[in-house]
Amino acid sequence: MNEELDSQLSAMFDDELPAAECELLARRLSRDEQLKARWGRYAVIGATIRAERGVRLNAGLARRVSAAISSEPVLAAEPAPQPKKQWARSWWQPVASAAAVAGVAAVSILWMRSQSPEVTTEIAQTAPRAVAPLTASATAATNAVTGEPDSYVVPKNTARRLVVPSTELANYVVAHSEFSSPVTRRNLLSAFMASESGTAAPSAGSEEPTEDVQDDDAKNPQ
Amino acid sequence: MSADISDLSLVRRVQRGDKGAFDALVLKYQHKLVKLVMRYVRNPAEAEDIAQEAFIKAYRALPQFRGDSAFYTWLYRIAINTAKNAVVSRDRSPIEYDLDRNNTDESYDMQGRMKDAETPEGLVLTDEIRSTVNAAIDALPEDLRTAIVLRELEGLSYEEIAAAMDCPVGTVRSRIFRAREAIDRRLREVFEGGLGRVEELG
């Protein structure tokens, strides 16, 4: 027997052989019965030094285990680390669930949008108009984009965004009508009517046409 | 040196389908495992049966072993559980020879096994092997004997032994190897000399 090989075997028995050499020697050890017998004797020496009483060397334990293992199926070529799979499943499942929920929500939103296109256009129209009184240039730009006439159209549902409740506004107008000028009164009443019609919009339905204040002014000039 | 590297290399081979590598693991740990199991059962024959069962269970479970702990630690747990289960199932089953005194053959066998547990010949390494190993150790030069005893009895690593003996690690490796070779040479003589009752060395 090669002395260097035996020296490696002794070091491997003590877990003191470098990993690369261990790999090579393990391969040889698993096939070389003479080397395996020496390996077994090293174990006997250790057990004797440690005075491991109760061990019967003639019991044939290793041989019985080997015989039992020989009837066992060969293990898979690649080990399947079960805990790792469980770990992978543990983070994958919530992510998949969240993705599924998000997907359903996205489809629902798209479906709702496709079912009520006027809501979309209404929002697109009302958003720029909400700032229209503030900046004339912004209004012009918006109209240029939408291609609509330069007129003030009060949508039915914009009143939902009004801060002042319409009832209070009406009470205010009625209470101060004597003291206000006709022009101011008219403007307030117009705003009131617009807010009232906007408040009533949800119950009347979104398909109700919007009211054109400019047209209304044309019909009822003062 | 990373601990358990040699066991791990053998384990990986078994996991790839090399059953021969498992024999090496059994040869290495069978004595430790039987000693461990004998904490739970006093009968050495029963301890060997339990150790055998533990090894087979370990083989079957080896695909799940990832090497997070040392192989022997993992095997240790399997053996402990197997021993505990064996004790529980044995306690649930009443010993028949106590109940059925007419069955003389069976009661004799059980008494024989119990008696065997108390007989040194049935429990320990054969006297001849033990005396041979002990004589070989005594005959070793002091540095070799110290190295092998520190390794096997105290479980020190080569680095720790090197520090204790104030010598390089390579020297420790060489000393331990030469000590083993000297003992093994005497041991082989005993076996080849016709120790018929020793069927195998491990």
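The values are calculated or read from the model by the stated rules, or taken from the named source; none is laboratory data. What you see is a predicted model; the values in this text were computed from it and never measured. A quick note on method: Cβ atoms are made from the backbone with ideal geometry, for glycine too, and the neighbour counts reach across all protein chains shown.
Couple of notes before you dig in:
- Residue in the range B:65-77 that is hydroxyl-bearing (S, T, Y), at negative phi, touching a Lys or Arg at 6+ places or on another chain (Cβ under 8 Å) and modelled with pLDDT of 65 or more present: yes
- Among the residues of the range B:42-93, those identified as without any contact (Cβ under 8 Å) to a residue 40 or more places away in the chain, assigned to a helix (DSSP H, G or I), facing chain A (nearest Cβ under 9 Å) and within 19 Å of B:D4 (Cβ to Cβ) are B:F55, B:Q64.
- Listing of helices (runs of 4 or more DSSP H) fully contained in the range A:4-117 that carry 2 or more residues being modelled with pLDDT under 85: A:82-115
Conditions tested, residue by residue: (1) crowded, with 17+ Cβ neighbours inside 10 Å; (2) touching a Leu at 6+ places or on another chain (Cβ under 8 Å); (3) at pLDDT below 70.
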residue: B:Y108; (1), (2), (3): no, no, yes
residue: B:P120; (1), (2), (3): no, no, yes
residue: B:S131; (1), (2), (3): no, no, no
residue: B:A139; (1), (2), (3): no, no, no
residue: B:L156; (1), (2), (3): yes, yes, no
residue: B:E189; (1), (2), (3): no, no, no
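- From B:V11, B:V37, B:V26, residue being at pLDDT 90 or above and at the interface with chain A (Cβ under 7 Å from one of its Cβ atoms): B:V26
- Selection within the range B:12-41 - of a type in the set (A, V, I, L, M), more than 13 Å from A:R27 (Cβ to Cβ) and either touching a residue at least 24 places away in the same chain (Cβ under 8 Å) or touching a Cys at 6+ places or on another chain (Cβ under 9 Å) (or both): B:L25, B:V26, B:L27, B:L33, B:L36, B:V37, B:V41
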